[in-house]
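Note sheet for the following structure.
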Amino acid sequence: MPSIRALIVADTESKYIWDHFDKQAIGKVDVILSCGDLKASYLSFLTTMVAAPLYYVCGNHDGSYIKNPPEGCDRLDNKIVNVKGVRIMGFSGCKSRSPKPFHYSEKDVHRQVVKRIPQLCLRGGFDVLVTHAPAFELGDGKDTFHQGFKSYRTLIDMFKPSFHFHGHQHMNYGAAKREIQYGNTRIINGYGYHIINIDVPDKKHSRLSYLMTRYQWEKNNAASF
């Protein structure tokens, strides 16, 4: 069974980590996953000090990443990465009509997923979904800006990943929970930081039919917008 230890971060820089870094307290980490809205310098600090690869998606406050991306880190929007047998996929942004970078409509995200279907088929799906915004009604907020994307929920329903990590819905909002279970998927709010063992089923990943996957996606996600 593929298994990795991950440091999940999102939304607020941890003073405990940044000001009082103790590698022994964090322990061995195989990968760092950022769910957005963090300073680029913080991410560069983490990958250097923890000595683990860092993959990130952009939050709605990360427009500065366009000109000054986090050094030594890799963005997840355009690829599915494999870390010791665990397939990780990511999407940036939140739901908003603002023209600012990383503000998207439901239709925008639908199109983003369509562009990634060839990758999904080649990899035979994915094990971990990393996003800034939550999936619809799976850890999101009631207001429009903090409402999750239905397209993410469709992705989870179709591919049944073992984990979904997100940010955007701050834990200090009151109603937000650190973790919820949805079918076979553990959904975890990465606010601040969270260390977790990622264990995924040990099975052969067969290539999927592009035509069938595209058809199922359009059919299942048609009601999202």
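Here, each number is a calculation from the coordinates, and none is a lab measurement. Given the structure is predicted, the values throughout are model-derived calculations rather than measurements. Note: ideal-geometry Cβ built from the backbone for every residue, glycine included; neighbour counts use all protein chains shown.
Structural remarks
- The base-10 log of I(q)/I(0) for the range 85-125, evaluated at q = 0.24, 0.29, 0.30 Å⁻¹, reads -0.82, -0.99, -1.02 [Debye formula, identical scatterers on Cα atoms, solvent excluded].
- Taking amide H as placed 1.01 Å from N in the peptide plane, the amide H of residue 198 sits under 5 Å from that of 4, 5, 6, each at least 5 places away or on another chain.
- For the range 3-224, the Cβ-based charge dipole about the Cα centre amounts to some 720 debye (Lys, Arg positive; Asp, Glu negative; other atoms uncharged).
- Less than 5 angstrom separates the built amide H of residue 36 from those of 11, 57, all sequence-distant by 5 or more or on a different chain.
- Between the range 45-59 and the range 119-187, the Cα center-to-center distance that results, in Å: 21
- Exposure proxy for 79, 177: other Cβ atoms within 10 Å of each Cβ, ordered fewest to most, give 177, 79.
- For the peptides 120-133, 196-209, the ranking by packing is 120-133, 196-209, with the highest mean count of neighbouring Cβ atoms within 10 Å listed first.
- Net charge, residue 214 excluded, C-beta distance under 12 Å - Lys, Arg +1, Asp, Glu -1: +2
- Global size of the range 147-210: 13.8, 43 Å for Rg and Dmax (C-alpha atoms, Rg to one decimal, Dmax whole).
- Note on the chain: helix-only mean residue ellipticity at 222 nm, from DSSP H runs of 4+ residues weighted -39500 (n - 2.57) and normalised by residue number, equals -7500 deg cm²/dmol.
- Spacing of the modelled spin labels on residue 97 and residue 82, each 7 Å from Cα toward Cβ, amounts to 4.4 nm.
- Residues 13, 106 in ascending order of nearby Cβ atoms (within 10 Å, fewest first): 106, 13.
- Net charge in the neighbourhood of residue 77 (other residues with Cβ under 14 Å of its Cβ; Lys, Arg +1, Asp, Glu -1) is +2.
- Vicinal HN-Hα couplings computed from phi for the range 97-103 (Karplus, 6.51 cos²θ - 1.76 cosθ + 1.60; Hz; Gly/Pro x): 8, 5, x, 5, x, 6, 10
- Share of Cα-Cα pairs in the range 24-135 lying beyond 20 Å, as whole percent: 43
- Cross-link pairs exceeding 32 Å in C-alpha to C-alpha distance, out of 67/160; 23/107; 115/142; 28/107; 67/203; 28/95, comprise 67/160; 23/107; 28/107; 67/203; 28/95.
- Each other residue within a Cβ distance under 10 Å of residue 86 adds +1 if Lys or Arg and -1 if Asp or Glu, for a net charge of -1.
- Using θ = phi - 60° in the Karplus curve 6.51 cos²θ - 1.76 cosθ + 1.60, the 3J(HN,Hα) couplings for the range 191-205 round to 3, x, 8, 8, 10, 8, 8, 9, 10, 10, x, 8, 8, 6, 9 Hz; x is entered for Gly and Pro.
- Shape metrics for the chain, restricted to C-alpha atoms - Rg then Dmax, Å: 16.5, 51
- A simple spin-label model places pseudo-atoms 7 Å from Cα toward Cβ; at residue 210 and residue 142 they are separated by 4.5 nm.
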